[in-house]
Amino acid sequence: MSDGHHREAVRELTALIKRFPLDERPVEQLMRTYQRLGQRREALDAFHRLQARLALDSGRAPSARLRRLHDEIQDDEIPVLDQLPADVAHFVGRTELLERLDAPTGATVITGQAGVGKTALAVHWANRFRSAFPGGQLYLNLHGYDNGEPLSAADALKLSLHALGVPPAMVPDAVQARATLFRSLLARRRVLVVLDNAARADQVLPLLVAPHENAVVITSRDPLGSLPDVSHIHLGLLEVHESQLLLKHLLGASRVDAEPEAADELAWACGHLPLALRVVAGELAATPDRLIADAVAELARSTADRTAAALDLAYDRLPAGARTLLRCIGCAPIADVTVEAASALLGAPASRPLATLSDTHFVTLHQPGRYRVHDLVHVFAAARSAAEDSRADQDAALARWLDHQTAAVDAAGTALSPTFKRLPRPRAADAPAFPDGKSASAWLADEHQNLMGAVTWAGGNGFDAACAHLVDALRGCFWLTQDLTDWIRAGETGLAAAERDGDPRLRAAMHRNLGLATYALGRIDESTDHHDRALALFEQLDDRPGITSTLISLCLGDKGANLAAARRLERAIAIAVEDGNVTTQIIALGNLGITQLRLGTPQLIIDTARRCMELCSPAEPRQWASGLQILGWAHLDLGGLERAQDHLHEALEIHSACGNRTDGLHCLTTLGLVLLRAGDTDRAVALFRLALEETEQLGARRRVANALGGLAEAQVFTNPAEALDLAEQALRLYRDLSDIGNLVGTLVVLTDVHLALADPDAAAGCAEEAVVLTEKYEVGRHTGRALHARAAVALARQDHEQARTAVSRALDRHRSTGQRLHEVDDLMLLAEVLRLTGDGRAADEHEAAASRLCAEAAGSHAPGVLRAAWVRTRGRLQPW
């Protein structure tokens, strides 16, 4: 079918799935249709939506046939690396060396002097043998001989893992761990890795892959003798006949044949060095009436070495605009350059000057729209700039470039995360426009090295304000990518720059930036400190958007100060209402709902969520879905399981349609808790396992912890050994994230696990830590549960008086917060205490009260809720 027919099929199949949501056949057809359209992500999303529907409906998994199709598409989705630069035009000679490369095993190092053609040889050979490596071709320029810092092994591995589809949040911190992951991803693929411009062995050693099916080609000016098990190829100068052949390709055979002696002398004057020959020939090609002998005569008058003389000759004959642009490129810390960035450097349209530099081989088009400068040419251009340009001219060019980069990041950030507050700054006239988030993400990925280089360079060379503005622009982008290592690095550079600059607005923005970065890392104390500093500075400036953007942070709530967090959020809402800022109102109300949930006030949450949703427009489906999620949490706490399920189902569908997997998976975990409370343990386990698998792939640590905790709770009495392992993993994550509320909830689950394993001492330790945390921090949602855990331990130890006291306190707490299903648990446990102390009549009354409360709160789910409460109560006592 044509693409048009395929898209019509997508519409029809989508409508069919809405009518028959549990039927696998239209889902399989939809997945195959998306696969033919090349929309693998959409195909996988269709599978995941069915997987969730089946798990919710019956706890079953998709058929083996559909899972095989999923695996096939997922394998296809792992990016097939195609990173080789374009093949070198007019490549000549090197026949023997190409033959030596034809069947490399392990790693091959190509060495030779600058400009001799090492990269050209590696890239030409790699393009010839592209089909021999169906797993893909990875290319990395390690910048070993540039003016700036070489690419470290850690950063090279990070870029490689990103290229292989690993989310930034999943990239390990340690170099060795990155190397292990890199090798494991390539273990089943036949891949070619080209590592260009390596200066040291330690740059490449972690990137060496298993030699059996893979090949690694390294270029370097140095032999890198400490690398193990590598072959070495030394690349010398071109032979005389090879230089002649290259000139004929570049200038035309008739022109070279008309001046054979001059052509020989030109090759000699250029030292038979390919780079020098290409640059001089490029200049001659641009002036077809000029004699080759004239170029030879000019070279003969130069006192510089042959390469420098060749570059000087070609440079001097460039048009003025191309010369200026080359000098601008020379003083900029860039890995490559686009037409837009070149225009910013030049201060004028750069398409024609850049094309001239490409035609004369000063720059090379290595990706569509992106030009690379040979390191030798970069050094030459920097020297020319130092000799010809004033410091003021250099600074002006670099300032324009930094402004352009900041404007471009602002535009990308608007496309990706329009709600993120950024400092006001004039919009650059040449700022690019990104039609959608996908194009913005692609630009950010391509420009990543340049952006990080710009931050570092600006912060180290007196462009402090520009540095801070660029870091501020990057904040929303970093939040989405979760590239935490670079975020912290950029944030600290930006803060130091802002401190030197002295502008309080910049300092406030940098503290706000680091507040969010450290929050993402789970360094909550640091995050709180940065947010407090930002708030104080924004208040001094009476910067109301800055004030509200800082007040809406959740870091105070994470560390247990939820009353203070609620006050800040209510203040943010009041300011936003006064200013008519609807977006901030929506975000603040959503965060207030989360804070109220932590405080244990579900009735307030419902009002907050409805206020939030009333402000949402149809164009903001994600915000609407967030409101539905908050309502789902509230009704779960209140015991309204049907309402909770309806709200969470709707939120899940919206998140799935928006491609918002992280929040969608959080919905899935919460739905698992709804099923668990309803006594449908098998379906709950299926949802938790699905959520865990997906969140681990995304690297969303908080969501991984949520799924681990849910799965542990679901298996406390059926598989306590696995539950122990899962809960301890969740506990470690919550400690790392300083998430006090969920830490308490996990300690409660661990209490039950240890009771099920007949270890009352360990259970007591967990229960008491949970109680202490609820007394120290404002996490009212979990106060009653912690007291209930203490009571369960006391009952297991036959300390009936302490059990009665603790569970009575838990019951009072749950009645005050309206957490009716936990109230049912308390009544059932209290009934057990009363029965064991000989008051059977009171025990029966409490069980009857639990039954009535279940019917009142949970409706049709009441029998399951009551049965689950009974299982929990009896399960704790079973070992005794």
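The values are calculated or read from the model by the stated rules, or taken from the named source; none is laboratory data. All values derive from a computational prediction rather than experimental measurement. When we count neighbours, we look across all protein chains shown, and the Cβ atoms used for this are built from the backbone with ideal geometry, even at glycine.
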Next on the checklist: Among the residues in the range 229-242, are any crowded, with 17+ Cβ neighbours inside 10 Å and free of Cβ contacts under 8 Å to residues at least 60 places away in the same chain?
Outcome noted: no
Checklist entry - For the range 331-406, which helices (runs of 4 or more DSSP H) that fit wholly inside it have 3 or more residues that are hydroxyl-bearing (Ser, Thr, Tyr) and over 18 Å from Val455 (Cα atoms)? => result 351-359
Checklist entry - When you go through (1) surrounded by 18 or more Cβ atoms within 10 Å (Cβ to Cβ); (2) of a type in the set (Val, Ile, Thr); (3) touching a Ser or Thr at 6+ places or on another chain (Cβ under 9 Å); (4) modelled with pLDDT under 90 one by one for Val824, which number turns out not to apply? => result (4)
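Kindly evaluate Asp543 against the criterion of being surrounded by fewer than 19 Cβ atoms within 10 Å (Cβ to Cβ) and among the charged types (D, E, K, R).
Values: surrounded by fewer than 19 Cβ atoms within 10 Å (Cβ to Cβ): no; among the charged types (D, E, K, R): yes.
Considered against the rule, which asks whether it is surrounded by fewer than 19 Cβ atoms within 10 Å (Cβ to Cβ) and among the charged types (D, E, K, R), Asp543 comes out as no.
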Checklist entry - So is Arg523 in contact with a Phe, Trp or Tyr (Cβ under 7 Å, 6 or more places away or on another chain) and in contact (Cβ under 8 Å) with a residue 40 or more places away in the chain or not? => result no
Checklist entry - Name the residues in the range 455-483 that are polar (S, T, N, Q) and either closer than 30 Å to Gly165 by Cβ or surrounded by 22 or more Cβ atoms within 10 Å (Cβ to Cβ) (or both), would you? => result Thr456, Thr481, Gln482
Checklist entry - Mind checking which residues of the range 191-233 are charged (D, E, K, R) and either within 21 Å of Leu98 (Cβ to Cβ) or part of a loop (DSSP other than H, G, I, E, B) (or both)? => result Asp196, Arg200, Glu213, Arg221, Asp222, Asp229
Item to check | Boolean, Thr108 is among the hydroxyl-bearing types (Ser, Thr, Tyr), in contact with a strand residue (DSSP E or B) (Cβ under 6 Å, 6 or more places away or on another chain) and buried (at least 19 other Cβ atoms within 10 Å of the Cβ) | outcome: yes
Checklist entry - Residues in the range 404-411: is at least one farther than 30 Å from Met170 by Cβ and crowded, with 19+ Cβ neighbours inside 10 Å? => result yes
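Check whether at least one residue in the range 761-777 is of a type outside the set (A, V, I, L, M, F, W, C) and either touching a Ser or Thr at 6+ places or on another chain (Cβ under 6 Å) or more than 30 Å from Leu556 (Cβ to Cβ) (or both), and report yes or no.
Yes, some residue in the range 761-777 is of a type outside the set (A, V, I, L, M, F, W, C) and either touching a Ser or Thr at 6+ places or on another chain (Cβ under 6 Å) or more than 30 Å from Leu556 (Cβ to Cβ) (or both).
Okay, residues lined up against (1) in contact (Cβ under 8 Å) with a residue 24 or more places away in the chain; (2) within 29 Å of Ile605 (Cβ to Cβ):
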site: His754; (1), (2): yes, no
site: Ala758; (1), (2): yes, no
site: Glu769; (1), (2): no, yes
site: Tyr777; (1), (2): yes, yes
site: Gly784; (1), (2): yes, yes
site: Gln802; (1), (2): no, no
site: Arg813; (1), (2): yes, yes
site: Arg820; (1), (2): yes, yes
Item to check | Cβ-Cβ under 7 Å pairs, at least 6 apart or on other chains, the range 296-310 side in contact (Cβ under 8 Å) with a residue 60 or more places away in the chain, far side surrounded by 16 or more Cβ atoms within 10 Å (Cβ to Cβ) and part of a loop (DSSP other than H, G, I, E, B) | outcome: Thr307/Gly115; Thr307/Gly271; Thr307/Leu273
Next on the checklist: Out of the residues in the range 723-758 meeting the condition of being acidic (Asp, Glu) and modelled with pLDDT of 95 or more, tell me which one is surrounded by the most Cβ atoms within 10 Å (Cβ to Cβ).
Outcome noted: Asp752
Next on the checklist: Taking the criterion of being of a type in the set (Ser, Thr, Tyr) and under 16 Å from Ile334 (Cβ atoms), would at least one residue in the range 409-420 satisfy it?
Outcome noted: no
Checklist entry - Within the range 213-228, how many residues are exposed (fewer than 14 other Cβ atoms within 10 Å of the Cβ) and in contact with a strand residue (DSSP E or B) (Cβ under 8 Å, 6 or more places away or on another chain)? => result 2
Next on the checklist: When you check Gly491 against the structure, is it buried (at least 21 other Cβ atoms within 10 Å of the Cβ), in contact with a Lys or Arg (Cβ under 9 Å, 6 or more places away or on another chain), closer than 19 Å to Cys555 by Cβ and not hydrophobic (A, V, I, L, M, F, W, C), yes or no?
Outcome noted: yes
Next on the checklist: Within the range 354-376, does at least one residue satisfy the condition of being in contact (Cβ under 8 Å) with a residue 40 or more places away in the chain and on the phi > 0 side of the Ramachandran plot?
Outcome noted: yes
Checklist entry - Among the residues of the range 811-832, which ones are closer than 17 Å to Leu641 by Cα and either among the charged types (D, E, K, R) or not in a helix (DSSP H, G or I) (or both)? => result Gly818, Gln819, Arg820, Glu823, Asp825
Next on the checklist: closer than 20 Å to Asp752 by Cβ and out of contact with any Pro (no Cβ under 9 Å at 6 or more places or on another chain): is that true of Leu834 in this structure?
Outcome noted: no
Checklist entry - Regarding Arg835, is this residue in a helix (DSSP H, G or I), at negative phi and modelled with pLDDT of 95 or more? => result no
